[in-house]
1. Which of (1) in contact (Cβ under 8 Å) with a residue 60 or more places away in the chain; (2) over 15 Å from residue 350 (Cβ atoms) does residue 282 not meet, given it meets every other one?
2. In this structure, does residue 268 turn out to be within 24 Å of the chain's Cα centre (by Cα), at pLDDT 95 or above and closer than 30 Å to residue 128 by Cα?
3. Quick one: in the stretch 454-479, which of the residues that are among the charged types (D, E, K, R) and in a loop (DSSP other than H, G, I, E, B) is farthest from residue 27 (Cα to Cα)?
4. List pairs: first in the stretch 351-377 and assigned to a helix (DSSP H, G or I), second of a type in the set (Ser, Thr, Tyr), Cβ under 7 Å, 6+ apart or cross-chain?
5. Within the stretch 310-327, identify whether any single residue is assigned to a helix (DSSP H, G or I), among the β-branched types (Val, Ile, Thr) and either surrounded by fewer than 21 Cβ atoms within 10 Å (Cβ to Cβ) or more than 16 Å from the chain's Cα centre (by Cα) (or both), and answer yes or no.
6. Just checking, which of 49, 44 is hydroxyl-bearing (Ser, Thr, Tyr), open to solvent by 20 Å² or more (accessible area, probe 1.4 Å) and within 18 Å of residue 460 (Cα to Cα)?
7. Please determine, by comparing only the residues of the stretch 435-456 that are hydroxyl-bearing (Ser, Thr, Tyr) and either over 25 Å from residue 60 (Cα atoms) or touching a Lys or Arg at 6+ places or on another chain (Cβ under 9 Å) (or both), which one is most open to solvent (accessible area, probe 1.4 Å).
8. Criterion first (in a loop (DSSP other than H, G, I, E, B), in contact with a helix residue (DSSP H, G or I) (Cβ under 8 Å, 6 or more places away or on another chain) and either within 30 Å of residue 158 (Cβ to Cβ) or among the charged types (D, E, K, R) (or both)) does residue 64 satisfy it?
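The values are calculated or read from the model by the stated rules, or taken from the named source; none is laboratory data. Values in this document were obtained by computation on a predicted structure and should not be read as measured data. Don't worry about glycine lacking a Cβ; one is built from the backbone with ideal geometry, like all the others, and counts go over all protein chains shown. To get the accessible areas, we keep the full protein, side chains included, count just its heavy atoms, and leave off ligands, DNA and RNA. Shrake-Rupley method; radii C 1.70, N 1.55, O 1.52, S 1.80 Å.
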Amino acid sequence: MAERPQYFKNTLSPLPINATTLLESFQELCTAVCSGAELIQQNTLLPETWGPNGMFKGFPGIALAFLRLDYQSSVLRGLKAAAPDYRRYALQRIPSSLPDTPLLASRLSPIGSSSPVTAVTLRILSTFAKNNWQDGAHLSITREDATCLHDAMQCALKNEPLVIHDGRKMGGDEMLFGRAGLLWALLNIRAHRFDQETQDILSPILGAIPELIRVIVDAGQQGSKEYTENNGAQNAHPLMYAWMEGHYCFGAVHGITGILTILLSCKPEELTDYLPVIGDSITALCKLSGSTNGHLPMTLPPYSFGQRSELVQLCHGSPGLLILLGAALKNKYLTRAHWDPTWDQAIYLGTERVWEEGLLSKGGSLCHGVAGNAWAWLLLHDCFEYHSEILKDARSAYLKRNQLSALPNAKVNQELTSDFFLSKALAFMLHARETKPYNSSPTSSDKDYRMPDEPYGLFEGVAGNVCAWADTCAVIQARLRKMELAEQDTWAFQPWVEMA
């Protein structure tokens with residue numbers, strides 16, 4: 001068999017955005033969600049105890065995927081057939097006891113491996129699933145879960161930007177293993193309410209979130225200082241996060257684009273003091289992307305695993321920057337003061353690179369696959385469809401701030417519309433059904449996608465595809481509803497014309 005290329009030539013066409021295409025795509029992806037969920041259920045063993053893996057590998061990630069599907073179940077009722085029992089599938093994969101795994105300073109995120117925070121996060125989320133995702137005065141968590149979160153928070157606040165793991169220094173802030181992943185878990189927990197006793201127990205933990213934000217930002221500033229001291233100021237950014245000692249990373253799973261995306265999920269008042277350095281860092285990333293025609297390097301200084309070209313995948317590469325910009329453009333406080341035309345240029349060039357190089361031979365996964373590459377376009381669609389006033393205000397503020405009459409890249413601005421992103425996202429999401437193991441027929445595709453390392457997992461397998469398809473269904477449903485309302489308004493305000 002010939003060696004697989006890094007990515008296959010994209011022969012797809014963006015889908016036209018109209019009611020017929022959207023409805024057909026919705027039905028096809030709803031079917032894919034149900035079929036994919038049953039495929040996972042039939043081909044994975046139910047756990048008896050917690051293992052060494054986090055959500056990235058194994059059953060914890062599958063449990064989170066089924067919890068997400070249960071939460072989104074009202075969106076997925078587009079089929080006549082009964083949907084799978086996502087809640088039962090999830091709860092079957094969440095053991096009742098805590099694991100024996102010790103809490104390590106280098107493994108604070110529930111997403112990576114070897115952290116009891118994984119079990120705690122899933123146990124807490126399962127509490128809401130059992131209550132139909134409704135907050136309530138009778139909902140509580142165990143004291144041992146609260147103690148684990150408390151210990152993780154205290155460890156995070158004491159950690160240095162570099163932490164020791166297996167005898168070498170690694171970055172302590174990335175989403176996969178570090179403090180940003182812990183922050184993600186705490187923000188999800190904070191979004192719900194418990195009984196008063198539990199609220200009191202969680203109060204000092206959740207109350208320390210602003211301090212956790214501070215140490216994460218401080219670590220990025222220290223990383224920038226150390227990079228400048230060792231490599232000069234030419235390529236230094238205001239915030240830089242080490243992946244491994246001496247190498248500063250830019251991906252969403254490993255690096256700054258993922259870290260900043262999670263930070264932007266915090267409350268606006270928690271970010272006020274950091275918006276200048278976050279905004280300047282986003283602009284620096286966009287300029288870096290522009291200098292490489294829309295790519296984003298794995299690290300600075302350069303580090304490579306021997307790949308033939310720059311990676312275009314969620315963990316490393318331009319999809320991470322697109323996701324970050326999708327989060328940034330919804331923040332009116334950030335954009336009004338710090339938006340820059342390079343943001344639009346980076347979105348346009350990054351989209352070009354993902355469209356041309358995003359059909360990865362690794363398959364359909366989130367971390368390094370077709371579905372993960374398309375996910376960013378869903379976020380950008382929402383920005384340009386539902387938050388266009390924020391962007392309009394940001395552009396106007398930029399012109400006023402710089403005493404300009406017109407933006408330097410007006411042609412690019414005109415290209416960036418919600419349909420520009422959704423048409424591409426649908427093409428990729430529907431095509432992801434041709435990847436293994438969702439479709440293992442040797443004649444199912446003209447592209448020889450390989451079997452993922454974790455065929456049914458959340459980040460490397462079908463569980464991630466299913467989550468991406470479900471999110472696409474939610475986007476389509478909202479867009480169809482908007483079209484319906486617009487049509488009703490048109491009829492409501494038709495001028496009376498006397499019929500002959």
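1. For residue 282, the failing item is (2).
2. Yes.
3. Filtering the stretch 454-479 for residues among the charged types (D, E, K, R) gives 454, 460, 471, 479.
Now restrict to residues that are in a loop (DSSP other than H, G, I, E, B): 454, 460.
Numbers: 454: 27, 460: 25 Å.
Among them, the one singled out is 454.
4. Qualifying pairs under 7 Å: 353/318; 354/318; 357/7; 370/435; 371/365; 372/365.
5. No, that holds for no residue.
6. From the options 49, 44, the qualifying one is 44.
7. So in the stretch 435-456, the residues hydroxyl-bearing (Ser, Thr, Tyr) come out as 435, 438, 440-441, 443-445, 449, 456.
Filter again for either over 25 Å from residue 60 (Cα atoms) or touching a Lys or Arg at 6+ places or on another chain (Cβ under 9 Å) (or both), leaving 435, 441, 443-445, 449.
On the way: 435: 0, 441: 52, 443: 121, 444: 34, 445: 25, 449: 3 Å².
Checking each candidate, the answer is 443.
8. Values: in a loop (DSSP other than H, G, I, E, B): no; in contact with a helix residue (DSSP H, G or I) (Cβ under 8 Å, 6 or more places away or on another chain): yes; either within 30 Å of residue 158 (Cβ to Cβ) or among the charged types (D, E, K, R) (or both): yes.
It is false that residue 64 is in a loop (DSSP other than H, G, I, E, B), in contact with a helix residue (DSSP H, G or I) (Cβ under 8 Å, 6 or more places away or on another chain) and either within 30 Å of residue 158 (Cβ to Cβ) or among the charged types (D, E, K, R) (or both).
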